Amino acid sequence: VQLQASGGGLVQAGGSLRLSCTASGINFSGNRMGWYRQAPGKQRELVATLTSGGTANYADSFEDRFTISGDNRKNTVYLQMNSLQPEDTAVYYCNARRIMTPTYNYWGQGTLVTVSS
């Protein structure tokens, strides 16, 4: 099982980035992919999730700037981030979770997003 996240980098405030997470080795049926982030000195927090059926959910304060989407053919989930601010600086992690048997909960290695002012 592998979750490969990419797309992070350095961007100026007001800019955009698109993160990608490609998963392999898991059964996508009935699962939920998600993006989380962890800023320096803070706990990891939920950003957004996307079910295999296409339902997206966002944590408070993200829905107006971030969009989660997926491509089932490529086993990939994306996070489009617009109007980035310095407080968005964090390591962004993708997650794959399935609560039906066979259950799983996998994390990617994280991709660093740095937003300069």
**Verdict on Ala59 being more than 19 Å from Val1 (Cα to Cα) and in contact (Cβ under 8 Å) with a residue 12 or more places away in the chain** = yes
**Prompt:** For the stretch 62-92, how many residues meet the condition of being open to solvent by less than 30 Å² (accessible area, probe 1.4 Å), more than 14 Å from Val47 (Cβ to Cβ) and under 13 Å from the mean Cα position of the chain (by Cα)?
**Reply:** 1
**Prompt:** If we scan the stretch 2-12, do we find a residue that is open to solvent by 50 Å² or more (accessible area, probe 1.4 Å), touching a residue at least 24 places away in the same chain (Cβ under 8 Å) and aliphatic (A, V, I, L, M)?
**Reply:** yes
**Message:** Scan the stretch 97-116 and tell me whether some residue there is under 20 Å from Gln2 (Cβ atoms), out of contact with any strand residue (DSSP E or B) (no Cβ under 6 Å at 6 or more places or on another chain) and surrounded by 12 or more Cβ atoms within 10 Å (Cβ to Cβ).
**Reply:** yes
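The values are calculated or read from the model by the stated rules, or taken from the named source; none is laboratory data. Fair warning: this is a prediction, and the values are worked out from it, not measured in the lab. Backbone-built Cβ (ideal geometry, glycine too); neighbour counts: all protein chains shown. These area figures cover heavy atoms from the full protein model, side chains too; ligands, DNA and RNA do not enter into them. Shrake-Rupley method; radii C 1.70, N 1.55, O 1.52, S 1.80 Å.
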